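One structure is given here, and the rest of the page talks about it.
The values are calculated or read from the model by the stated rules, or taken from the named source; none is laboratory data. The structure displayed is predicted, hence computed values, not measured ones. No Cβ is skipped: glycine too gets one built from the backbone with ideal geometry, and neighbour counts run over all protein chains shown. The accessibility values were calculated without ligands, DNA or RNA, using every heavy atom of the protein model including side chains. Shrake-Rupley method; radii C 1.70, N 1.55, O 1.52, S 1.80 Å.
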Amino acid sequence: MLRIAAPIGLTLSLAACATTPAEQPVSVIGSITYRERIALPPTAQVEITLADVSLADAPSKTIAQQAFTADGRQVPFAFTMTVDQRQLDARHSYAVSARITDASGKLMFITDTRNSVAFDGRRAIDLGMLTLIKTP
């Protein structure tokens, strides 16, 4: 009896330590670019945001964000945001937006379309290339 109980107990204890799919992080990846042939200043600020955009009459809630200075680099810029699935609600809608500002905070480029993210159990969601538009 002990020979049977020991392997079962060990299996159950290992299963309890294993990470469940809901606890595993999911990555949202992609790149941003724009069509204009304009070089960014080295001090340009790049910001990519994943937000819960479920409520039409309320501000979106930021779930993940990546921000950095261009430091002389030019588009395209790749991004990766890791999300804890426990932060997500299957009934909600999520979208990625991006913006580039100059050092003073003046908006230079921004996404003008909704870039929806469907969290459907995949470990990585690739949004491909997101195109920003120039602001006046």
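Listed by first and then second residue, the pairs with beta-carbon distance under 6 Å, at least 6 apart or on different chains, first residue in region 27-54 and assigned to a strand (DSSP E or B), second basic (Lys, Arg), are GLU47/ARG99; ASP52/LYS61. Listed by position, the strands (runs of 3 or more DSSP E) enclosed by region 92-136 that each have at least 3 residues that are under 17 Å from THR33 (Cβ atoms) are 94-101, 107-110, 124-134. Condition check: modelled with pLDDT of 95 or more, farther than 15 Å from THR33 by Cβ and crowded, with 18+ Cβ neighbours inside 10 Å. Does MET81 satisfy that? Considered against the rule, which asks whether it is modelled with pLDDT of 95 or more, farther than 15 Å from THR33 by Cβ and crowded, with 18+ Cβ neighbours inside 10 Å, MET81 comes out as yes. Within region 93-110, can you find the residues that are touching a residue at least 40 places away in the same chain (Cβ under 8 Å) and either under 15 Å from the mean Cα position of the chain (by Cα) or open to solvent by 80 Å² or more (accessible area, probe 1.4 Å) (or both)? Listed by number, the residues that qualify are SER93, TYR94, ALA95, VAL96, SER97, ALA98, ARG99.
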